[in-house]
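*Asks:* Pasting a structure here, questions to come.
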Amino acid sequence: MATIRASCPDCGDVELTTKDVNVRVCEDDNSGTYTFRCPYCAMTVLKSAENRTIDLLIASGVTFTKWRLPAELHELHIGEPINHDDLLDFHNLINDEFKLQEIISELADLR
């Protein structure tokens, strides 16, 4: 089992084994990160990494996971973004059973 040196922002340099490190690679843009739990402070540390570093970690036996960007990032967004007042209005709407039922009925009539 390989020994991996990494750096915790609080504790400094630490030594880890391949079982202590996890690699994640985004299939959409090929960016990579690795995570580990610091053996001293027990905080989870996340670091971005270049492809060369990711390749070395995987070759040494570190487990890796592939993931994809959320589909919502590719959706077309029309109109203004919602704001705090919109959220309050929505909150009030869903807590008013009469008004909510009225809107649900109106939506059903549109079908």
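Derivation of every value follows stated rules applied to the coordinates shown; laboratory data play no part. Bear in mind the structure is a predicted one, so any value in this text is a computation, not a measurement. Using ideal geometry, Cβ is built from the backbone for each residue, glycine included, and neighbour counts are taken over all protein chains shown.
*Asks:* Ordered by packing density, taken as the mean number of other Cβ atoms within 10 Å over each peptide's residues, highest first, how do 3-9, 20-26 rank?
*Replies:* 20-26, 3-9
*Asks:* Going Cα to Cα from Lys47, which aspartates and glutamates come in below 16 Å? Please leave out same-chain ones fewer than 8 positions away.
*Replies:* Asp10, Asp13, Glu15, Asp20, Asp55
*Asks:* Let me ask you something else. For Kirkwood radius over Cα pairs in Å, one of [x] 14.8; [y] 18.3; [z] 22.4 was computed from the structure I shared and the rest are decoys. Which label?
*Replies:* Entry [y].
*Asks:* Which loop-located chymotrypsin sites (Phe, Trp or Tyr not before Pro) does the stretch 1-49 contain, where loop means any DSSP state but H, G, I, E or B and the Cβ has at most 15 other Cβ atoms within 10 Å?
*Replies:* Here the sparse-neighbourhood loop sites are Tyr40.
*Asks:* Which value, in debye to the nearest 20, gives the size of the charge dipole of the chain about its Cα centre, when Lys and Arg are +1 and Asp and Glu are -1 at the Cβ?
*Replies:* 1060 debye
*Asks:* Then there is this: Build a GNM of the chain with springs between Cα atoms under 10 Å: which of Lys47, Lys99, Lys19 gets the top mean-square fluctuation?
*Replies:* Of Lys47, Lys99, Lys19, the most mobile in the Gaussian network model is Lys99.
*Asks:* What does DSSP give for the chain in terms of the percent of beta bridges that are antiparallel, rounded to the nearest 5?
*Replies:* Details: 17 of 22 bridges.
Once the DSSP bridges in the chain are tallied, antiparallel ones form about 75 percent.
*Asks:* Moving on to the next point. Give the distance, in whole Å, between the Cα centre of the stretch 3-37 and the Cα centre of the stretch 46-73.
*Replies:* Each part reduced to its Cα centre gives a spacing of 9 Å.
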